[in-house]
Amino acid sequence: MKINKIKLLVTTIVLCASVTAVAATQDKISGGPSVNIPVTQLKYFDTGIGKNSGVGTLQAAAAYGDLQHGAHGTFIKMPAGFVSAVHSHTGEYWGVVISGVVVNGAPGSADVPLPVGSYWSQKGGELHVTKCISPNECIVFINQTVKFDEIEESKKH
């Protein structure tokens, strides 16, 4: 019983922090009209991330903001079988799985499959590996209050 109360408290704290972060990002980029973007109108571009993955690079499409310059909400496509290099990001981000099964964890940790509808957060400066373990491509939506970057551990030395 006590463990369930702790789990509920932790879940509530995580959800409140996520809503606060999304609200802070929205405040930075709001001011325009309401927007509807059908999936067929998303404009993906090659990020260049994952050139050495053997399965292709990450593709990105903005929902709002600009991942290359500041606060943003962005759809990311990962090819099936994608495994990132060990890396970190300057800023924290929050993600939701739209399609496929994703894994995001510390190097060497056990995989925790994140199927459609799953959520994760990634602290800035924390090393991790991101994977698409489903037979088809993975699509995730990420929200970040700063510009997106990828700092490969092998290039830090």
Seminar exercise, completed: Residues of segment 43-73 being at positive phi and either buried (at least 18 other Cβ atoms within 10 Å of the Cβ) or β-branched (Val, Ile, Thr) (or both), in sequence order, are Gly50, Gly65
Exercise. Can you spot a residue in segment 95-102 that is hydroxyl-bearing (Ser, Thr, Tyr) and not in a loop (DSSP other than H, G, I, E, B)?
Worked result: yes
Seminar exercise, completed: Ile151 vs (1) in contact (Cβ under 8 Å) with a residue 24 or more places away in the chain; (2) within 13 Å of the chain's Cα centre (by Cα): all pass except (2)
Seminar exercise, completed: The correct count of residues that are surrounded by fewer than 22 Cβ atoms within 10 Å (Cβ to Cβ) and of a type in the set (A, V, I, L, M, F, W, C) in segment 125-138 is 3
Seminar exercise, completed: Residue hits (segment 84-106; at pLDDT 95 or above and of a type in the set (A, V, I, L, M)) are Val96, Val97, Ile98, Val101, Val102, Val103
For this session: Could you run through segment 99-120 and say how many residues are surrounded by 15 or more Cβ atoms within 10 Å (Cβ to Cβ), farther than 23 Å from Lys51 by Cα and either in contact with an Asp or Glu (Cβ under 9 Å, 6 or more places away or on another chain) or not aromatic (Phe, Trp, Tyr) (or both)?
Result: 2
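The values are calculated or read from the model by the stated rules, or taken from the named source; none is laboratory data. Note that this is a predicted model, so its numbers are computed, not measured. Every residue, glycine as well, gets a Cβ built from its backbone with ideal geometry; the counts of neighbours run over all protein chains shown.
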